[in-house]
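Let me begin by presenting the structure, written as structure tokens, before commenting on it.
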Amino acid sequence: SAVISQKPSRDICQRGTSLTIQCQVDSQVTMMFWYRQQPGQSLTLIATANQGSEATYESGFVIDKFPISRPNLTFSTLTVSNMSPEDSSIYLCSVEKGLAGGFWSENIQYFGAGTRLSVL
Amino acid sequence: AQKITQTQPGMFVQEKEAVTLDCTYDTSDQSYGLFWYKQPSSGEMIFLIYQGSYDEQNATEGRYSLNFQKARKSANLVISASQLGDSAMYFCAMRELYNQGGKLIFGQGTELSVKP
């Protein structure tokens, strides 16, 4: 498994400001993932962050709004920029751990505790 | 079309009884993985159990078991001897080896409430 520390756990922000969420893992991982969970909804993948390259964003998410950094193999940040009330969500980071020689589809994603963001 | 369907928005179960949470999936891939996660009100996502498409035996992890029926494309989660701490949202998820870019796709979730 993996131990993932995500900060802050929650925040209340004003419209138009930005918030940076940190994700720290207890071991080196190739890929880190950022998800958004809007109130009462399921998880939606925002982007995949590989160390040493630009993050890959999913449809509907853009780098200007959700810039991501991945400076090393144990750390990543997600910034929610120019926030509006529609950005009020839980943001979660996750990492993959798999069995050596196993199928890629068998990799388990482990999640941080999430950041509960409210935008006023 | 929905890749993962959880038809029960909410479920109630009496403490110490067993409960089954339904999950059906849609894929044309031969290699895929099925996952269940628990999300308490605190918001964290907790991995519970995994089933591979080639696994012939149903996965079990303590009080959790996965009732895998490949021909019916269903992967129901069974929780035995429910406890009050099992009250949470439960998400079924799938990852295909080739389709969807290998992303983990989640269902809409089932909210389980355990009654004392």
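Quick note: the coordinates plus some simple rules give every number you see, no bench work behind them. This structure is a prediction, so every number in the text was calculated from the model and none was measured. Cβ atoms come from the backbone with ideal geometry, glycine included; neighbour counts cover every protein chain shown.
Values for this structure:
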quantity	calculated
Single unsatisfied condition, B:Phe68 versus (1) under 30 Å from A:Arg10 (Cα atoms); (2) aromatic (Phe, Trp, Tyr); (3) more than 10 Å from every other protein chain (Cβ to nearest Cβ)	(1)
Scan of the stretch B:33-52 for residues that are free of Cβ contacts under 8 Å to residues at least 24 places away in the same chain and either over 16 Å from B:Leu77 (Cα atoms) or of a type in the set (S, T, N, Q) (or both), ordered by number	B:Ser42, B:Gly43, B:Glu44
Residue list for the stretch A:50-77, restricted to those being touching a Phe, Trp or Tyr at 6+ places or on another chain (Cβ under 9 Å), in a strand (DSSP E or B) and away from chain B (no Cβ under 14 Å)	A:Ile68, A:Ser69, A:Ser76
Any chance B:Asp26 is out of contact with any strand residue (DSSP E or B) (no Cβ under 7 Å at 6 or more places or on another chain) and either more than 14 Å from chain A (Cβ to nearest Cβ) or within 25 Å of A:Thr115 (Cα to Cα) (or both)	yes
Residue within the stretch B:23-33 that is charged (D, E, K, R), part of a loop (DSSP other than H, G, I, E, B) and within 25 Å of A:Tyr35 (Cα to Cα) present	yes
Per-region count, the stretch B:37-58, residues more than 26 Å from A:Pro39 (Cα to Cα), within 14 Å of chain A (Cβ to nearest Cβ), of a type outside the set (Phe, Trp, Tyr) and surrounded by fewer than 19 Cβ atoms within 10 Å (Cβ to Cβ)	2
